[in-house]
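Report on the following structure.
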Amino acid sequence: MKTQRVELTFPEKQIKKPVIYSLVKEFDLIPNIRRANVDEKFGWMVLELSGEDENLERAYKHLHELGVEVEFLESFVE
């Protein structure tokens with residue numbers, strides 16, 4: 001299993017949607033939220049995502065399609 005620490009920046013249209021929940025259900029990932037700041041118009045979150053490489057890659061593609069910016073901070077293998 002691989003763990004990656006990422007920073008996600010959410011556009012206003014995604015603020016009220018269960019984006020992290022979809023990462024769990026659709027891509028079988030385990031999130032660990034480290035920091036976050038979300039208001040009505042803007043949000044960002046630093047989290048660790050753990051899962052199989054293929055699932056992580058599919059999830060990042062999904063986030064990109066939603067308009068969520070993904071910045072990779074670090075990776076490690078458990």
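The values are calculated or read from the model by the stated rules, or taken from the named source; none is laboratory data. Note that this is a predicted model, so its numbers are computed, not measured. Note that each Cβ is placed from the backbone with ideal geometry, even for glycine, and that neighbours are counted across all protein chains shown. For the accessible areas, the whole protein counts, side chains as well, though only heavy atoms, and no ligand, DNA or RNA atoms are used. Shrake-Rupley method; radii C 1.70, N 1.55, O 1.52, S 1.80 Å.
Quick notes
- In the chain, the trypsin sites (Lys or Arg not before Pro) that fall in loop regions by DSSP, at most 15 other Cβ within 10 Å: 16, 41
- The shape of the chain comes out prolate: with a ≥ b ≥ c from the C-alpha gyration tensor, a/c is at least 1.5 and a/b beats b/c.
- Annotation: per residue accessible area for the chain equals 65 Å², rounded to a whole number [probe 1.4 Å, protein chains only].
- Accessible surface of the chain, 1.4 Å probe, proportion on carbon and sulfur as whole %: 49
- For segment 36-77, the list of GluC sites (Glu not before Pro) that fall in a loop by DSSP and count at most 12 other C-beta atoms within 10 angstrom reads 40.
- Loop-located chymotrypsin sites (Phe, Trp or Tyr not before Pro) in segment 16-78 (DSSP state not H, G, I, E or B) with no more than 14 neighbouring Cβ atoms inside 10 Å: 42.
- Using C-alpha pairs under 8 Å with a sequence gap of at least 6, the mean separation divided by the residue count of the chain gives a relative contact order of 49 percent.
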